[in-house]
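Take a look at the structure below.
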């Protein structure tokens with residue numbers, strides 16, 4: 001009788017775990033990149049979960065690199081938790097996997113960030129490019145590259 005009740009208890013426990021919806025919701029973020037001038041080089045998308053390093057230092061981000069295509073490129077990040085994110089995008093022409101700058105710190109390769117934030121004379125801040133993922137809803141962001 002004891003083994004039968006343990007077995008029934010185990011089955012009920014598994015049924016409860018399987019039947020209970022999870023609080024953790026996952027979403028996809030798709031970054032559609034346009035404004036790519038040529039097929040040379042690669043397009044880098046960096047997804048930042050906070051402002052650390054945004055927009056130029058990808059060490060705090062999840063980066064994807066795809067071949068450049070003037071028709072457009074889409075970077076997909078899957079199964080992400082709800083939160084606030086920002087994206088920076090670069091057209092890396094010389095293969096060094098970063099946005100090159102001149103001696104004043106101004107980009108010499110095409111770049112963009114989420115919300116297409118483009119302040120003059122400074123880099124965009126995380127809060128200007130930030131967007132929210134809520135309730136497991138997937139998000140599509142369009143970023144246009146410019147010099």
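Every number here is computed from the coordinates shown, using simple stated rules; none is lab data. Worth saying up front: this structure is predicted, and the values here are computed from it rather than measured. Cβ placement follows ideal geometry from the backbone for every residue including glycine, while neighbour counts extend to all protein chains displayed.
Some values worked out for this structure:
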{"read-out": "Check on residue 147, over 13 Å from residue 43 (Cα atoms), surrounded by 14 or more Cβ atoms within 10 Å (Cβ to Cβ) and in contact (Cβ under 8 Å) with a residue 12 or more places away in the chain", "value": "no"}
{"read-out": "Odd one out for residue 119 among (1) surrounded by 14 or more Cβ atoms within 10 Å (Cβ to Cβ); (2) touching a helix residue (DSSP H, G or I) at 6+ places or on another chain (Cβ under 9 Å); (3) outside any strand (DSSP E or B)", "value": "(1)"}
